[in-house]
1. Would you point out which residue out of Val523, Val531 is open to solvent by 10 Å² or more (accessible area, probe 1.4 Å) and at pLDDT 95 or above?
2. Which one of these does Gly331 not meet: (1) open to solvent by 30 Å² or more (accessible area, probe 1.4 Å); (2) over 21 Å from Met117 (Cα atoms)?
3. Mind checking whether some residue in region 61-69 is without any contact (Cβ under 8 Å) to a residue 12 or more places away in the chain and farther than 24 Å from Leu134 by Cβ?
4. State all residues of region 233-248 that are part of a helix (DSSP H, G or I) and open to solvent by 20 Å² or more (accessible area, probe 1.4 Å); if no residue qualifies, say none.
5. Of (1) part of a loop (DSSP other than H, G, I, E, B); (2) under 30 Å from Leu232 (Cβ atoms); (3) among the β-branched types (Val, Ile, Thr), Val87 satisfies all except one. Which?
6. With (1) buried (at least 22 other Cβ atoms within 10 Å of the Cβ); (2) in contact with a helix residue (DSSP H, G or I) (Cβ under 8 Å, 6 or more places away or on another chain); (3) over 18 Å from Thr199 (Cβ atoms) as the list, and Gly53 as the residue in question, which single condition is left unmet?
7. Need the failing condition index for Leu140 against (1) closer than 30 Å to Met89 by Cα; (2) part of a helix (DSSP H, G or I); (3) without any contact (Cβ under 8 Å) to a residue 24 or more places away in the chain; (4) not polar (S, T, N, Q), just the number.
8. Taking the stated definitions as given, is Thr304 in contact with a Lys or Arg (Cβ under 6 Å, 6 or more places away or on another chain) and open to solvent by 30 Å² or more (accessible area, probe 1.4 Å)?
Amino acid sequence: MTAPMRGVRLPNVGQTLGGGPSSSDPLLIVADLRISFAGRDVVHGINFSIAPGEKLALVGESGSGKTVTALSLLRLVQNATLSGRAVFMGRDLLSIPERELRGLRGQDIAMIFQEPMTALNPLFTVGDQIAEVLELKQGLARSHCAQEAIRLIAETGITEPERRVKAYPHQLSGGQRQRAMIAMALACQPKLLLADEPTTALDVTLRGQILDLLASFQKKNGMAVLMITHDLNLVRRFADRVIVMENGHIVEQGAVAEVFAHPQHSYTRRLIDSKPVRDVAEGELDAGAQPVMQARALRVAYPTPRPGFKGWFSHGEFVAVQGADFQLQAGQTLGVMGESGSGKSTLALAALGLLPFTGEMQVTGQAWGLSAAHNKSMRRVVQVVFQDPFSSLSPRLTVEEIVGEGLLVHEPGLSQAQRRARVLQALLDVGMGVGLDEARFSSLIQRYPHEFSGGQRQRLAIARALIVQPRILVLDEPTSALDVTIQKQVLQLLQRLQRERGLSYLLITHDVDVIRAMAHHIVVMKDGHFVETGQAAELLAAPKHKYTRTLLAAAG
């Protein structure tokens, strides 16, 4: 049984199915929706509706059933058994023929997926992928589709749209990829938009721009939005109503202002109270201590093609990082913040020795690039946790193979039993064994990444990095894809590991709350330059640069 909900009134689904929809009918009616895998229910008979032009937020922890609910409306969940009804403009989405449903997808109902790197086709430019939707769904001429793709990309806030439309997904930043996917979803002006974490990869200022963009489309076209999100600030700003899900049940729903002001369910109260908490060592630094990582006059540039025949003989360049100077001390966190495309992730890749650069970059007093053997020893010292654990963990390897891979490289003399013992210990260190008995925990290492939630996958990524006992972790947006409660748990894990092991973190993030909780020192980046640096408490309390003040104001 689902828990009692505030203000729940089920529409008369039978009347809606019996005749055509009227102007007073909900756009979508979901009644007794059940979703199961191999006979195990994951969504337990939920009920809700969406009115034309309404903005409805669906919130809950990772694994609560939010995304699978949205995907089931378009029957995009593989190997799932669906029952109940999902009536869209008089048609039951769960029972109409696949051919008819295919006509609705992308045209009347569009979807923004959470992980653009895995949702976008890596073999085609983003412009081609947007144009394909217009050509197939609206029958526009190819030349017209190309121009519309440029216009849509520009409307989502991507700079240099004529150039970016020709880029492949891997050539864009995480935020730019997400905006390209939003442009694709809005191309046909759908009546209902299913938005699964549409601002996950975006910085705080661009989140506001995207919300304003979605709101303008919604007002112009009367588009309804079902938004799946873990960002409660986004819910407060954007949604009219909110639905809270826990373990496949709807535990509470109602108007946003009412639910946030007077949450009735304990789970809702826990979500609202999940803001990151600072719990890091604040001791004074040893003035004579050598930094574990430092950069001087660091510059990173990418080659770009020149137009016309000049491109046959030379190329231009795009400078992603210019004149970067920083130091990272042992046991401390250097937070790097800035908008998407500011150069944060490029700086992280240079720090890892994964990009060519000019200037100086040292890790524990040693420079990258002297020899392959030298770099190999340095890679044990500095490890990385990427933004998107789903794409950074190989889907073809088991947990044991993923987490233990570093030992094959850096400690090849270990036996299989010794490696397995180290893998199990690493999983225990990151909390993967919580709530599991010995038999279930031992079987964990034979599972694959897709069998875990987003928060669990990020813990696996941290275990993979820690198993070789590094001194430095480069954290590239380590919590941006996680819901608020899991984000808080992962940050608490990172804080504990730092205190216990004296780890140093180079933290790349656009989330000001994460910076407040983790950073000892802050660097603010804009267009590849450092515009402000300082101690975290001082910079956050009294920012000097206009751009820093804008970022902090946008974060609320």
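The values are calculated or read from the model by the stated rules, or taken from the named source; none is laboratory data. Worth saying up front: this structure is predicted, and the values here are computed from it rather than measured. Using ideal geometry, Cβ is built from the backbone for each residue, glycine included, and neighbour counts are taken over all protein chains shown. Calculation scope for accessible area: heavy atoms of the full protein, side chains included, ligands and nucleic acids excluded. Shrake-Rupley method; radii C 1.70, N 1.55, O 1.52, S 1.80 Å.
1. On the way: Val523 fails: open to solvent by 10 Å² or more (accessible area, probe 1.4 Å).
Only one candidate qualifies: Val531.
2. (1)
3. Residues of region 61-69 without any contact (Cβ under 8 Å) to a residue 12 or more places away in the chain: none.
No, every residue in region 61-69 fails to be without any contact (Cβ under 8 Å) to a residue 12 or more places away in the chain and farther than 24 Å from Leu134 by Cβ.
4. Step one: list which residues in region 233-248 are part of a helix (DSSP H, G or I), which gives 233-238.
Across region 233-248, the qualifying residues are Asn233, Arg236, Arg237.
5. (1)
6. (1)
7. (2)
8. On the way: in contact with a Lys or Arg (Cβ under 6 Å, 6 or more places away or on another chain): no; open to solvent by 30 Å² or more (accessible area, probe 1.4 Å): yes.
Considered against the rule, which asks whether it is in contact with a Lys or Arg (Cβ under 6 Å, 6 or more places away or on another chain) and open to solvent by 30 Å² or more (accessible area, probe 1.4 Å), Thr304 comes out as no.
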